[in-house]
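All remarks here apply to the structure that follows.
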Amino acid sequence: MNGEKTRKNLPVIKTIKTRLRIYWDLIKSPQTALLLLTGLAGYISAGTTGISGGYIMGIAGSLFLAISGSTILNMYFDRDVDSQMPRTCWRPLPTGKISPREALLLGLVVSIIGIAWAAAIDWLFASIIFAGVFFDVVVYTLWLKRRTAWSIVWGGLAGGMPVLAGRSLALGHIDMIGLLLAAAILFWIPTHILTFNMRYFDDYNKASLPTFASVYGFQTTRVIIAISSIAAALVMIIASVGIGLTAGFLRLLIVLSSGLLLLALTSMFRPSERLNMGLFKYASLYMFGSMLMIVIEKL
């Protein structure tokens with residue numbers, strides 16, 4: 001009897017697992033994980049004592065849902081351009097694995113739960129997270145992404161909100177170090193995004209999405225990447241000094257920053273597709289490593 005019941009439940013379990021895999025593809029897990037880490041690093045950077053595991057899980061849960069919901073909504077609104085680009089045509093919406101209505105509903109519900117959860121923790125925390133979702137979905141995706149290459153500035157502002165939210169939650173107010181950490185992410189965004197735009201230049205052109213490479217040319221884009229890399233590294237170092245990172249971690253951060261600057265400058269003077277993708281990957285590792293050092297130092 002139990003064996004028959006188990007066999008009947010197998011299709012249901014398989015359907016649930018398949019659905020969860022589709023939902024997982026919608027949230028861009030590496031990007032979500034990095035933003036989640038910045039939010040936790042922002043909170044931990046304040047050196048708050050007596051942090052309970054449950055409280056940290058609450059912060060992480062609210063951030064994860066708000067960030068994931070925002071990404072799902074972006075997927076919903078960008079489904080038409082995604083279907084035109086070889087790089088993104090495999091995503092769940094262009095392939096029909098999930099209906100637009102289901103994706104929209106999922107994105108709204110997940111975002112609302114994440115923001116409501118954050119509000120239950122702290123109103124300032126929730127307000128900053130809401131600002132991040134608003135900038136990302138409404139200002140960046142709906143308003144500017146298809147109109148101007150400068151839309152990435154607003155995308156960068158959205159990307160800086162989790163770390164600012166975490167820091168502000170720990171302190172009870174917005175401080176200069178929180179703003180510096182958010183600014184470091186804002187300056188880091190061009191290095192991360194513009195290298196990707198150059199790598200998939202033809203894809204973005206097919207979808208009629210303006211990028212710095214298509215509007216200003218590759219060489220100007222490389223100069224912008226170099227300038228933004230310098231700004232991101234300097235601001236990150238200044239913020240880390242303000243946080244109180246020890247000399248050992250600061251030296252490691254300077255080494256990581258030097259690698260970022262070296263790759264950016266080399267890409268400007270001796271450009272190649274391989275170096276461009278190397279810079280893209282290193283930029284992600286740089287931000288991950290910087291935030292991880294803050295967490296390790298302050299725990």
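The values are calculated or read from the model by the stated rules, or taken from the named source; none is laboratory data. Just so it is clear, the model here is predicted, and its values are computed rather than measured. With ideal geometry, Cβ positions are generated from the backbone for all residues, glycine too; neighbour counts draw on all protein chains shown.
Annotations
- Filter result for Ala239 (surrounded by 16 or more Cβ atoms within 10 Å (Cβ to Cβ), part of a helix (DSSP H, G or I), of a type in the set (Gly, Ala, Ser) and modelled with pLDDT of 95 or more): yes
- Of the listed requirements (1) within 25 Å of Trp117 (Cβ to Cβ); (2) modelled with pLDDT of 95 or more; (3) of a type in the set (A, V, I, L, M, F, W, C), Leu20 misses just one: (2).
- Residues of region 194-214 that are under 18 Å from Cys89 (Cβ atoms), in contact with a Ser or Thr (Cβ under 7 Å, 6 or more places away or on another chain) and in contact (Cβ under 8 Å) with a residue 24 or more places away in the chain: Asn197, Tyr204.
- Ile296 being within 22 Å of the chain's Cα centre (by Cα), modelled with pLDDT of 95 or more and either crowded, with 21+ Cβ neighbours inside 10 Å or in a helix (DSSP H, G or I) (or both): no
- Listed conditions (1) touching a Leu at 6+ places or on another chain (Cβ under 6 Å); (2) crowded, with 21+ Cβ neighbours inside 10 Å are all met by Ile59, apart from (1).
- Filter result for Val153 (surrounded by fewer than 21 Cβ atoms within 10 Å (Cβ to Cβ), at pLDDT below 95 and out of contact with any strand residue (DSSP E or B) (no Cβ under 9 Å at 6 or more places or on another chain)): yes
- Just one of the listed residues (Ser208, Ser284) is of a type outside the set (A, V, I, L, M, F, W, C), modelled with pLDDT under 95 and not in a helix (DSSP H, G or I), namely Ser208.
- Pick from region 20-51, criterion touching a helix residue (DSSP H, G or I) at 6+ places or on another chain (Cβ under 8 Å) and not in a helix (DSSP H, G or I), ranking: farthest from Met293 (Cα to Cα): Ile27
- Cross-chain or 6+ apart pairs with Cβ under 6 Å, region 270-287 first and free of Cβ contacts under 8 Å to residues at least 24 places away in the same chain, then surrounded by 14 or more Cβ atoms within 10 Å (Cβ to Cβ) and not in a loop (DSSP other than H, G, I, E, B): Leu275/Ser267; Tyr282/Leu263
- Region 75-119 - residue that is in contact (Cβ under 8 Å) with a residue 12 or more places away in the chain and of a type in the set (Gly, Ala, Ser) and, of those, farthest from Arg146 (Cα to Cα): Ala118
- Of all the residues in region 215-229, those that are in a helix (DSSP H, G or I) and either out of contact with any Leu (no Cβ under 6 Å at 6 or more places or on another chain) or loosely packed, with under 15 Cβ neighbours inside 10 Å (or both) number 10.
- Condition broken by Thr18, with the remaining ones in (1) more than 22 Å from Ala120 (Cβ to Cβ); (2) out of contact with any Asp or Glu (no Cβ under 9 Å at 6 or more places or on another chain); (3) in contact (Cβ under 8 Å) with a residue 40 or more places away in the chain; (4) loosely packed, with under 15 Cβ neighbours inside 10 Å satisfied: (3)
- Selection count, region 157-166, where residues are farther than 10 Å from Thr38 by Cβ and surrounded by 24 or more Cβ atoms within 10 Å (Cβ to Cβ): 1
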